[in-house]
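One structure is given here, and the rest of the page talks about it.
The values are calculated or read from the model by the stated rules, or taken from the named source; none is laboratory data. All values derive from a computational prediction rather than experimental measurement. Virtual Cβ from ideal backbone geometry, glycine too; neighbours counted across all protein chains shown. The accessibility values were calculated without ligands, DNA or RNA, using every heavy atom of the protein model including side chains. Shrake-Rupley method; radii C 1.70, N 1.55, O 1.52, S 1.80 Å.
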Amino acid sequence: MPPTAEYSVTRASYAKGMLAVRCPSKTGLKTRAARLIGDGLKCRWVNREGAYIASPSKVARFERMHADGWDANYVTGALEPPMQPA
């Protein structure tokens, strides 16, 4: 689990060999982690799990991109690189 606890990764109960990525939100809006895993990396939401389902390799890519500061656009879902300091 990341130090900020913006998301958690567990084994998926209903998808063999896959991982479940949960991205809780206090406001009801998608968090940066939810936008990145769902819209940017095109993982599917499974209501039964209450999480996005992804392969272990895609979760590793997601964790690396999240740590580097990547995001997905609110409207289009296109990946946005991290902001460079001015």
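Assorted remarks:
- Among the candidates Ala86, Ala20, Ala60, Ala34, residue that is of a type outside the set (Asp, Glu) and at pLDDT below 95: Ala86
- Criterion applied to Ala34, Ala60 was being open to solvent by 30 Å² or more (accessible area, probe 1.4 Å), part of a helix (DSSP H, G or I) and hydrophobic (A, V, I, L, M, F, W, C), and the one residue passing it is Ala60.
- For beta carbons closer than 6 Å, sequence separation of 6+ or different chains, a first residue in region 51-80 that is over 15 Å from Ala12 (Cα atoms) and a second that is of a type in the set (Val, Ile, Thr) and at pLDDT 95 or above, the qualifying pairs are Phe62/Ile37.
- Some residue of region 18-33 being on the phi > 0 side of the Ramachandran plot and without any contact (Cβ under 8 Å) to a residue 12 or more places away in the chain: yes
- Of the residues screened, Gly17 is not one that is under 25 Å from Val75 (Cβ atoms) and open to solvent by less than 70 Å² (accessible area, probe 1.4 Å).
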